[in-house]
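Take a look at the structure below.
The values are calculated or read from the model by the stated rules, or taken from the named source; none is laboratory data. None of the values given here were measured: they were computed from a predicted structure. Here Cβ is always computed from backbone atoms with ideal geometry, including for glycine, and neighbour counts include all displayed protein chains.
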Amino acid sequence: MPAWRRVADGIEIAVRVTPRASRNAFAAGTGEHFAARLAAPPVEGAANAALVPLVAGAFGVPKRAVTLIAGDMARHKRLRVEGDPAALEDIAHRLYGGPHDG
């Protein structure tokens, strides 16, 4: 899967998470995923709980619009961001900073 792809009600994104970072950050990763650095540890869902508001803030949507759909206990995760697909893709392009196949 590319870093993101359009779906009917928004976009799905692939994210590689690095827990226990010095600060929270969300940015382009490789062609296959975005990169999220989280200060939270990967225990008892703390990193997943920190990831949702980070992604919501990056895409300008409410937290309830971001859903973890795969990778609950893995470093590579897939999330659905609900909203206007065209607007969300535009934000993803700007966050990514270059061309993308999604």
Quick one: count up the residues across region 1-32 that are in a loop (DSSP other than H, G, I, E, B), surrounded by fewer than 18 Cβ atoms within 10 Å (Cβ to Cβ) and not polar (S, T, N, Q). 9
Can you tell me which condition residue 59 does not meet? The list is (1) under 16 Å from residue 17 (Cβ atoms); (2) surrounded by 18 or more Cβ atoms within 10 Å (Cβ to Cβ); (3) without any contact (Cβ under 8 Å) to a residue 40 or more places away in the chain, and all the others hold. (1)
Of the numbered conditions (1) part of a loop (DSSP other than H, G, I, E, B); (2) surrounded by 15 or more Cβ atoms within 10 Å (Cβ to Cβ), residue 35 fails exactly one; give the number of that condition. (1)
Applying the selection to region 22-36, what residues are modelled with pLDDT of 90 or more and farther than 19 Å from residue 56 by Cα? 22, 32
Kindly evaluate residue 61 against the criterion of being assigned to a loop (DSSP other than H, G, I, E, B), at pLDDT 95 or above and in contact with a Leu (Cβ under 9 Å, 6 or more places away or on another chain). yes
